[in-house]
Amino acid sequence: MRLFLSSYSLGNKPEELSALVGSNKRTAIIMNAQDTKTPESRSERLQREIDSLSALGLIPEELDLRAYFGKSDELSDHIKGFGLVWVRGGNVFILRKAFKQSGFDEIITRLLNNDEIAYGGYSAGACVLAPSLHGIELVDPKDEICEGYEREVVWDGLNILGYAVAPHYDSDHPESNDIDKCITYFVDNHMLFKALRDGEVIVRAGYGEKVIT
């Protein structure tokens, strides 16, 4: 399993992401955590992701999971063409719904377990891999909704990680204070977690895992 999970953007060691990706440089950018933004804002943020990933020698394009709601077989066929998925931050509850409604949650779990693709992402893109999303509602609005999305909150994470991720800890980020509340929740509820400062990255290759500071 190959994972690159950053607190913010590509972190301080983006070359670690390049090292995880094989010969297939096609990269699917998943922006669905940003679906509550205006089209203009979302487009600008997408372009920033394209620019930063292209600078690493990757070949990025957007994979909008909304186009595959209820079409998991089509998504499964389409994603086989990529060597990396890159999941941008935003609202983790919207992102989790997009994963579920498209079937991406089951698809990416299977592909990662078979080492057929690499997964990279930051903030919500890392948080969604935890066993549970409980506690994250102290940072992201759980009831935020937009067109095409179901209203019911999905509390289960993908359980790819055995712990929760608390990004933006002790960082110059607007959500840093709320992350402190989230960490208090994790501690009070005896939940395993890793706190990441902006710039720090969790890298997993095979069975080994490290935190790059």
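A few points about this structure:
- Whichever lysines have a C-alpha closer than 24 Å to that of Lys97, once near sequence neighbours (fewer than 8 apart) are set aside: Lys37, Lys71, Lys80, Lys142, Lys181, Lys194
- Amide H partners (placed H, <5 Å) of Phe82, local residues excluded: none
- The portion of the accessible surface of the range 141-213 made up by carbon and sulfur, rounded to a whole percent, is 47 (1.4 Å probe; DNA, RNA and ligands excluded).
- Straight-distance crosslink candidates among aspartates and glutamates, where the alpha carbon sits under 20 Å from Lys25 and sequence neighbours closer than 8 are dropped: Glu15, Glu16, Glu49, Asp51, Glu61, Glu62, Asp64, Asp77, Asp115, Glu116
- Most to least packed among 40-46, 138-144 [average Cβ atoms within 10 Å]: 138-144, 40-46
- Estimated inter-spin distance, Arg26 and Met191, nm [label 7 Å along Cα→Cβ]: 3.6 nm
- Each peptide among 175-184, 150-159 gets the average number of other Cβ atoms lying within 10 Å of its residues, and from highest to lowest they stand as 175-184, 150-159.
- In the full protein context, the chain carries 45 Å² of accessible surface per residue, based on a 1.4 Å probe and ignoring ligands, DNA and RNA.
- Carbon and sulfur %, accessible surface of the range 1-132 computed with the full protein complex present, 1.4 Å: 45 percent
- Theoretical ellipticity at 222 nm over the chain - DSSP helices of four or more residues, -39500 (n - 2.57) apiece, nearest 500: -9500 deg cm²/dmol
- All C-alpha to C-alpha distances of the range 47-106, sorted into 10 Å bins beginning at zero, yield P(r) values of 21, 48, 29, 2 percent in whole numbers.
- Classification of the range 8-119 by its C-alpha gyration tensor yields an oblate form. The axis ratio a/c (a ≥ b ≥ c) is 1.5 or more, and b/c is at least a/b.
- Bridge type composition, the chain - antiparallel percent by DSSP, nearest 5: 35 percent
- Prolate/oblate/rounded call for the chain, Cα gyration tensor, a/c under 1.5 rounded: rounded
- Shape of the range 9-59, Cα gyration tensor, a/c cut at 1.5: prolate
- For the chain, modelled as a GNM whose springs connect Cα atoms under 10 angstrom apart, the maximal fluctuation among Ala195, Ala126, Ala98 occurs at Ala195.
- Over the chain, relative contact order from alpha-carbon pairs under 8 Å, at least 6 apart, %: 29 percent
The values are calculated or read from the model by the stated rules, or taken from the named source; none is laboratory data. As the structure is a computational prediction, the values presented were derived from the model and not from experiment. Note: ideal-geometry Cβ built from the backbone for every residue, glycine included; neighbour counts use all protein chains shown. What goes into the accessible areas is simple: the full protein's heavy atoms, side chains included, and nothing from ligands, DNA or RNA. Shrake-Rupley method; radii C 1.70, N 1.55, O 1.52, S 1.80 Å.
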